[in-house]
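J.: There's a structure below that I have some questions on.
The values are calculated or read from the model by the stated rules, or taken from the named source; none is laboratory data. Note that this is a predicted model, so its numbers are computed, not measured. Counting neighbours? That spans all protein chains shown, and the Cβs are built from the backbone with ideal geometry, glycine included.
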Amino acid sequence: MPADLHAATRQAVDRFRSDLRTLLDEAVRQHTEGLLKQAETSYRQVLLRQPQQPEALNNLGVLLAETDRLNEALMVLRQAVTHQPANPDYLLNLGRVETVMGNPAAAERSFRGALEQDPGNAEAALTLGGLLEQAGGLGDAETVYRSLLAKRPDDPQALLALARVARSLGRPQEAEAALEQAVAAAPETADAHLELGRLLLARHALEPAVAALSDAVAVAPESAAAHLALGETLARLGKPARAAEAFRAALAHDPAALQARVGLVRALLADGRPDAAVEESRADAKEARPELLIARAEAQAAGGHLEAAVESYAGAVQAEPNRAAGYLQLGPLLRATGREAEAERLFDWRALLYWRRLPGVEGYGSTSAFNAALARAIEARLDPAEAERLPGTPLRCGAELTPELFGAAAPPLGPALEAFAAMASHHMRGYLAERRGLPGHPYFADPPAQVELRAQGVRLPASAFVEPHVHPEAYLSGLYFLQVPPEVAERRDSIAGCLRFSDAPRPAEWTSFETIRPKAGLLVLFPAYLWHAAIPFNATGDCLALAFDFFAAAPDGAASPQRRYAVG
């Protein structure tokens, strides 16, 4: 090629590239200034001249996603990645769209690709970790977060994410350490103070929790969540007046916050102001919500307005018939207002209590062999400090508890616990089938379609006991006895060590109760609203049992660490 022709060709190519760059820069300016129609036209003009221009493809894909044309955005972004596969920004944008479009597997590949090119990319790591968490891959998510922290040791969002995973995996001390590091690294990060306070509250470290949550409020005074958590902690500390102030602050920033409204009603009640509590319960725009009706009923009963309290409870039960919290105080109130027949139906022990002594368990030669295997699995998990970690635990005098046996943080179950889960779910279905449509009892009229099993092992040594309590968030509760001392199981002249069911928490309030004598191999099922306790005993051996609950499962089928079972 002659030199002058070669030079002319180079000049033409340079002009083309210069013109293209000018047009692309103009498109970026328009995009940045929010002139989206003009920017889209400019990007498409660039692509008409150079269809494989990766920057124009990427930017156009982002614009299409911003204007909710996700299918086209996905196609364009894939082209950008095809032409420049090592660009982490392009991979990140593609992963964002794949996430929004509900394709987590593809999004995971894109985010992993972005991290391969840029290991310190915080958004890619945090979003990938979040996807892994949602899929139940807590260990994989932890690996991603720790890899990010290796590059960015004081990144507050990475520390928050690591703390969340550590807590879910049953390692609260590691979670606390990560949150304290986040607070030290970025004291302006309100979420770090808030999550530290919540963790301390869950561990019943109330004074430190108040300090952390007060810091959260100071950093983000507009945060309804921070005021709410502070109110809950102050209420737990027995400071209802200060708790009421915190709940009012939460409502000032989020007037529809149900937990804050209910917390305020109960704080006013605890502060000796039942009439103010009732009035506050009526300030809610959605006052028919069951949780608020229950709190109102408690305040009305405390103020002596028994008929009104019954009506509020009735409203809560009508709204959610299978919600245990709506029945907790209803029996004595019904009797006090002359509605004996209704009380009898709600606390008909013959109809509500289910107990079976197992003739055998599939996979085991005898019930005794099953109990021995199950006892070994539970004893290996017993932790004397576990009961102390649970605020308000009813266990007394040296009782021991395991962590949650069926949660995400639990070790592999093993055959005995697997067999227990199958056995308990079988009896749960039988129990509900027998009681579906029980006359005059709304609790069983429309049971949850699916339930989740949660359980803990409990050891009661001599003189230990369990105070009256309920599990108001559960639907059904149960106990299975593995070991019972002969002095308890075989005596007929004493109720020591027996189970006591009642319609109220304190003996002075009881209007009806029932007693069951525990024996090895005995399974007991009952509605979660029944108050129950274990009476103290003296014996040479310990009582070992599994306490379990079936919770209504979320209807959307969201991932859960617990075992899910169909009711029908």
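J.: Restricting attention to segment 276-307, and to residues there that are acidic (Asp, Glu) and assigned to a loop (DSSP other than H, G, I, E, B), which single residue is surrounded by the most Cβ atoms within 10 Å (Cβ to Cβ)? Don't jump to the end; show me each part of the working.
T.: Pass one, segment 276-307, residues acidic (Asp, Glu): 279-280, 284, 287, 291, 298, 307.
With assigned to a loop (DSSP other than H, G, I, E, B) added as a condition, the list becomes 284, 287.
Values: 284: 20, 287: 13.
My answer is 284.
J.: Follow-up question, since we're still on this one. Of all the residues that make up segment 504-530, how many are closer than 19 Å to residue 359 by Cβ and assigned to a loop (DSSP other than H, G, I, E, B)? Give the steps one after another, and end with the answer.
T.: To start, the set of residues in segment 504-530 that are closer than 19 Å to residue 359 by Cβ comprises 516-525.
Next, only the ones that are assigned to a loop (DSSP other than H, G, I, E, B) stay: 517-521.
Counting residues in segment 504-530 that are closer than 19 Å to residue 359 by Cβ and assigned to a loop (DSSP other than H, G, I, E, B) gives 5.
Listed here are the residues, each with its yes/no results for (1) assigned to a helix (DSSP H, G or I); (2) without any contact (Cβ under 8 Å) to a residue 60 or more places away in the chain; (3) closer than 22 Å to residue 131 by Cβ; (4) β-branched (Val, Ile, Thr).
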site	(1), (2), (3), (4)
25	yes, yes, no, no
29	yes, yes, no, no
34	no, yes, no, no
41	yes, yes, no, yes
45	yes, yes, no, no
59	yes, yes, no, no
63	yes, yes, no, no
71	yes, yes, yes, no
108	yes, yes, yes, no
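J.: Name the pairs: first residue in segment 535-550 and touching a residue at least 12 places away in the same chain (Cβ under 8 Å) and under 23 Å from residue 477 (Cα atoms), second residue β-branched (Val, Ile, Thr) and in a strand (DSSP E or B), Cβ to Cβ under 7 Å, at least 6 apart or on different chains?
T.: 545/458; 547/458; 550/451
J.: Check 129, 95, 120, 113 and return the single one that is small (Gly, Ala, Ser) and either without any contact (Cβ under 8 Å) to a residue 24 or more places away in the chain or closer than 24 Å to residue 194 by Cα (or both).
T.: 129
J.: Testing residue 506 on (1) within 22 Å of residue 332 (Cα to Cα); (2) exposed (fewer than 15 other Cβ atoms within 10 Å of the Cβ); (3) of a type in the set (D, E, K, R); (4) modelled with pLDDT of 90 or more, one condition comes back false. Which one is that?
T.: Going through the list (1) within 22 Å of residue 332 (Cα to Cα); (2) exposed (fewer than 15 other Cβ atoms within 10 Å of the Cβ); (3) of a type in the set (D, E, K, R); (4) modelled with pLDDT of 90 or more, residue 506 breaks only (4).
J.: If you don't mind, there's one more thing I want to ask. Just need a number here: residues in segment 307-324 that are over 17 Å from residue 438 (Cβ atoms) and over 25 Å from the mean Cα position of the chain (by Cα).
T.: Going through segment 307-324 one residue at a time, the tally reaches 9.
J.: Also, I was wondering about something else. Given the conditions (1) surrounded by 17 or more Cβ atoms within 10 Å (Cβ to Cβ); (2) basic (Lys, Arg); (3) over 26 Å from the mean Cα position of the chain (by Cα), report the number of the one that residue 266 does not fulfil.
T.: (3)
J.: Here is a follow-up. Could you check how many residues of segment 97-128 are farther than 23 Å from residue 64 by Cβ and acidic (Asp, Glu)?
T.: Qualifying residue count, segment 97-128: 2.
J.: Right, something else. Of a type in the set (A, V, I, L, M, F, W, C), crowded, with 16+ Cβ neighbours inside 10 Å, at pLDDT 95 or above and under 20 Å from the mean Cα position of the chain (by Cα), is that true of residue 163?
T.: Spelling it out, residue 163 is indeed of a type in the set (A, V, I, L, M, F, W, C), crowded, with 16+ Cβ neighbours inside 10 Å, at pLDDT 95 or above and under 20 Å from the mean Cα position of the chain (by Cα).
J.: Return yes when residue 120 is outside any helix (DSSP H, G or I) and out of contact with any Pro (no Cβ under 7 Å at 6 or more places or on another chain) and no when it is not. Even if it seems obvious, please write down each step before you answer.
T.: On the way: outside any helix (DSSP H, G or I): yes; out of contact with any Pro (no Cβ under 7 Å at 6 or more places or on another chain): yes.
Answer is yes for this residue.
J.: So, residue 135, is that one aliphatic (A, V, I, L, M), surrounded by 22 or more Cβ atoms within 10 Å (Cβ to Cβ) and in contact (Cβ under 8 Å) with a residue 24 or more places away in the chain or not? Show your work before the answer.
T.: On the way: aliphatic (A, V, I, L, M): yes; surrounded by 22 or more Cβ atoms within 10 Å (Cβ to Cβ): no; in contact (Cβ under 8 Å) with a residue 24 or more places away in the chain: yes.
The answer is no for residue 135.
Yes or no, residue by residue, for (1) at pLDDT 95 or above; (2) among the hydroxyl-bearing types (Ser, Thr, Tyr); (3) under 22 Å from the mean Cα position of the chain (by Cα):
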site: 196; (1), (2), (3): yes, no, yes
site: 204; (1), (2), (3): no, no, yes
site: 209; (1), (2), (3): yes, no, yes
site: 213; (1), (2), (3): yes, no, yes
site: 218; (1), (2), (3): yes, no, no
site: 221; (1), (2), (3): yes, no, no
site: 246; (1), (2), (3): yes, no, no
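J.: Oh, and also: Out of 475, 480, report the one residue that is of a type in the set (Ser, Thr, Tyr), closer than 15 Å to residue 375 by Cβ and at pLDDT 95 or above.
T.: 480
J.: If I filter segment 415-443 down to residues being at pLDDT below 90 and more than 18 Å from residue 565 (Cβ to Cβ), which single residue comes out as surrounded by the fewest Cβ atoms within 10 Å (Cβ to Cβ)?
T.: In this case the residue turns out to be 439.
J.: Now, a different point. Out of 457, 478, 407, which single residue is assigned to a strand (DSSP E or B), under 21 Å from residue 170 (Cα atoms), within 23 Å of the chain's Cα centre (by Cα) and not polar (S, T, N, Q)?
T.: Being assigned to a strand (DSSP E or B), under 21 Å from residue 170 (Cα atoms), within 23 Å of the chain's Cα centre (by Cα) and not polar (S, T, N, Q) holds for just one of 457, 478, 407, which is 457.
J.: Right, next: Would you please list the contacts, defined by Cβ atoms under 9 Å and residues six or more apart or on different chains, that run from a residue in segment 551-568 that is under 11 Å from residue 406 (Cβ atoms) and charged (D, E, K, R) to a residue that is modelled with pLDDT of 55 or more and in a strand (DSSP E or B)?
T.: If the second residue must be modelled with pLDDT of 55 or more and in a strand (DSSP E or B), the pairs left are 563/452; 563/453; 563/454; 564/450; 564/451; 564/452; 564/453.
J.: Look at residue 488 and say whether it is crowded, with 20+ Cβ neighbours inside 10 Å, in contact with a Pro (Cβ under 8 Å, 6 or more places away or on another chain) and modelled with pLDDT under 95.
T.: Judged against the criteria, residue 488 is a match.
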